[in-house]
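Novice: The structure that follows is given in the form of structure tokens.
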């Protein structure tokens, strides 16, 4: 089986190395020519277009940033669907709005190919060890075809329902994560303004009823230390924008998401978008609080 891979960012680059280690023949493409050249130097065959990737492979994985880019990837002049893709299976692993996935699936099926959405939970170490969790939307038969590939990247595959269901679950997860980091940022800001110390607060919070594995993993970042970026603030902002848009289309009010989106937008506008999402707490303390000493 020959695998196509579109998107050579942190996750995509780690995926191709994992797939190669598992014995798959992989060909890739990325709109960023510098990323493509860098991976080509490491031995990854790189095609000149997304269309050629689809024409040369059996299963095509895409993992990029946002809805408009994925739509172009499929339906653009040199996109997947500009060529003959009958019989192919597309495994779309980006974090998108469910309605985007449904529209793409219709276009893919009209060309005689299969489509599943399979966003994942987990970061680079989980990719390297094949321990991601995939949340899949799509037909049972298409998921069965994709398992040979997904099994090498994941510890668990959860079939959420029809196309779009995987995206919906991923947005629900990231909405909860965004709301949590916003609440944590406000908690820390309030305590520090009341004279508490950051280390003292984090020591208590990691044993509080609201403690999570994520919090314990991010203690170093919350203390201001350097660590690998797992999810940057710009991407989390995009995901919450997608959640709010999906909520509006579904008749679900999103007051917490909208409030969190305000803080994330401020951070991105101030140039902090490439920072880890845990850095929102520091940004809020340094840039968003009222300083009564200067009033």
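Novice: Report, by residue number, each residue of region 103-126 that is under 17 Å from residue 72 (Cβ atoms) and in a helix (DSSP H, G or I).
Specialist: 103, 104, 105, 106, 107, 108
Novice: Does region 14-33 contain any residue that is over 23 Å from the mean Cα position of the chain (by Cα), assigned to a helix (DSSP H, G or I), closer than 26 Å to residue 147 by Cβ and in contact (Cβ under 8 Å) with a residue 24 or more places away in the chain?
Specialist: no
Novice: Any idea which residue in region 40-55 is surrounded by the fewest Cβ atoms within 10 Å (Cβ to Cβ), counting only those that are modelled with pLDDT under 85 and in a helix (DSSP H, G or I)?
Specialist: Within region 40-55, the match that is surrounded by the fewest Cβ atoms within 10 Å (Cβ to Cβ) is 41.
Novice: Exactly one condition in (1) touching a strand residue (DSSP E or B) at 6+ places or on another chain (Cβ under 7 Å); (2) farther than 18 Å from residue 11 by Cβ is false for residue 102; which is it?
Specialist: Result: residue 102 passes all but (1).
Novice: Here is a follow-up. Against the condition at pLDDT below 95, in contact with a strand residue (DSSP E or B) (Cβ under 8 Å, 6 or more places away or on another chain) and crowded, with 17+ Cβ neighbours inside 10 Å, how does residue 64 come out, does it pass?
Specialist: yes
Novice: When you scan region 109-132, how many residues do you find that are within 27 Å of residue 247 (Cα to Cα), touching a helix residue (DSSP H, G or I) at 6+ places or on another chain (Cβ under 7 Å) and surrounded by 23 or more Cβ atoms within 10 Å (Cβ to Cβ)?
Specialist: Of the residues in that region, 6 qualify.
Novice: Which one of 149, 204, 127 is more than 23 Å from residue 257 (Cα to Cα), out of contact with any strand residue (DSSP E or B) (no Cβ under 6 Å at 6 or more places or on another chain) and touching a residue at least 60 places away in the same chain (Cβ under 8 Å)?
Specialist: Within the list 149, 204, 127, the selection yields 127.
Novice: For region 228-295, which fully contained helices (runs of 4 or more DSSP H) count at least 3 residues that are more than 23 Å from residue 67 (Cβ to Cβ) and at pLDDT below 95?
Specialist: Answer list for region 228-295: 280-287.
Novice: Which ones in region 193-225 are touching a helix residue (DSSP H, G or I) at 6+ places or on another chain (Cβ under 8 Å) and farther than 21 Å from residue 179 by Cβ?
Specialist: Selection gives 198, 223, 224.
The values are calculated or read from the model by the stated rules, or taken from the named source; none is laboratory data. Just so we're clear, the structure is a prediction, and the values are computed from it rather than from any experiment. In this analysis, Cβ positions are derived from the backbone assuming ideal geometry, glycine residues included, and neighbour counts consider all displayed protein chains.
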